[in-house]
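To start, the structure under review is shown below, and the notes come after it.
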Amino acid sequence: TVDPEKDGVIRRVKAFVDTDEETYYHPALVTKRFLLNNEDEFQRWLNKIPVDRENRFWIHHPGPYQSFERVSFNEIIDGVGTERDRELEARFKDKIVLIGLTATGATDITHTPFSTMDPGLVVQAGAMHTIFTEDFLIQSPEWAHLIILLILALWISTMVKRTTPLKGLFISIATMVI
């Protein structure tokens, strides 16, 4: 399941959905499970994924849509059965391939941190990238936010005391911008 944040941007996806009968894993996890080929190892590995209360993990996008290698379906069809067969085979050997619609005008358009007009496949590719690089993003706890806020407030009050009111105003505004 892919639910956008309040601002409409997709930053997290569900790692799995538990039902009474079965657990359904995100396609990236299904792929990892298949490649590990060992259920116990998969379950141990699964416990390393930092998920929230709703079993979602943060997608660590490697960059914009263009960060992923893309191959046109026509390029593949035109190359199969020709002298380009070996080139195509080498290009896809030992790779995970996601197949999806990325054409301009496609209906599966989504908002990511890099664009408001990304193909939905980019979300799945970002999730796959996160799972296979194991470069997980972790949200800082609320108490860390409060400590940072307290430090900034103390810094502003110290700096403002030592300057004129106008300079103090600029210091306060600059700190808020940062």
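The values are calculated or read from the model by the stated rules, or taken from the named source; none is laboratory data. Since we're looking at a predicted model, the values are computed, not measured. Reconstructed Cβ throughout: ideal geometry from the backbone, glycine too, with neighbour counts over all protein chains shown. Areas reflect the complete protein model, heavy atoms only, side chains present, ligands, DNA and RNA absent. Shrake-Rupley method; radii C 1.70, N 1.55, O 1.52, S 1.80 Å.
Observations, loosely collected:
- Phe132 fulfils the conditions (1) within 12 Å of Arg11 (Cα to Cα); (2) in contact (Cβ under 8 Å) with a residue 60 or more places away in the chain; (3) touching a helix residue (DSSP H, G or I) at 6+ places or on another chain (Cβ under 9 Å); (4) not polar (S, T, N, Q) except for a single criterion, (1).
- Of the listed requirements (1) modelled with pLDDT of 90 or more; (2) out of contact with any Gly (no Cβ under 9 Å at 6 or more places or on another chain), Val13 misses just one: (2).
- Within the set Val13, Val2, the sole residue that is open to solvent by less than 40 Å² (accessible area, probe 1.4 Å), in contact with a helix residue (DSSP H, G or I) (Cβ under 8 Å, 6 or more places away or on another chain), closer than 22 Å to His111 by Cβ and among the aliphatic types (A, V, I, L, M) turns out to be Val13.
- Qualifying residue in segment 54-71 (condition: in contact with a Phe, Trp or Tyr (Cβ under 8 Å, 6 or more places away or on another chain) and charged (D, E, K, R)): no
- Residues considered: Leu101, Leu36. Of these, the only one that is of a type outside the set (Phe, Trp, Tyr), without any contact (Cβ under 8 Å) to a residue 40 or more places away in the chain and touching an Asp or Glu at 6+ places or on another chain (Cβ under 7 Å) is Leu101.
- Sole residue being under 22 Å from the mean Cα position of the chain (by Cα), at pLDDT 85 or above and among the charged types (D, E, K, R), chosen from Asp108, Asp94, Asp85, Asp135: Asp135
- In segment 69-89, the residues that are in a helix (DSSP H, G or I) and among the polar types (S, T, N, Q): Asn74
- Pair list, Cβ under 7 Å, 6 or more apart: segment 19-33 residue free of Cβ contacts under 8 Å to residues at least 12 places away in the same chain, other residue open to solvent by less than 40 Å² (accessible area, probe 1.4 Å) and in a strand (DSSP E or B): Thr23/Phe16; Tyr24/Phe16; Tyr25/Phe16
- Residue in segment 93-111 that is under 25 Å from Thr133 (Cα atoms) and polar (S, T, N, Q) present: yes
- Once segment 7-31 is narrowed to residues that are among the polar types (S, T, N, Q) and not in a loop (DSSP other than H, G, I, E, B), the residue that is nearest to the chain's Cα centre (by Cα) is Thr31.
- Residue that is farthest from Val51 (Cα to Cα), among those in segment 13-30 that are touching a Phe, Trp or Tyr at 6+ places or on another chain (Cβ under 8 Å) and β-branched (Val, Ile, Thr): Thr23
- Check on Asp94, acidic (Asp, Glu), closer than 28 Å to Leu137 by Cα, outside any loop (DSSP other than H, G, I, E, B) and out of contact with any strand residue (DSSP E or B) (no Cβ under 8 Å at 6 or more places or on another chain): no
- Thr102 more than 23 Å from Arg56 (Cβ to Cβ) and not basic (Lys, Arg): yes
- Scanning segment 40-68 for residues that are in a helix (DSSP H, G or I) and open to solvent by less than 80 Å² (accessible area, probe 1.4 Å) returns Glu41, Phe42, Gln43, Trp45, Leu46, Tyr65, Ser67.
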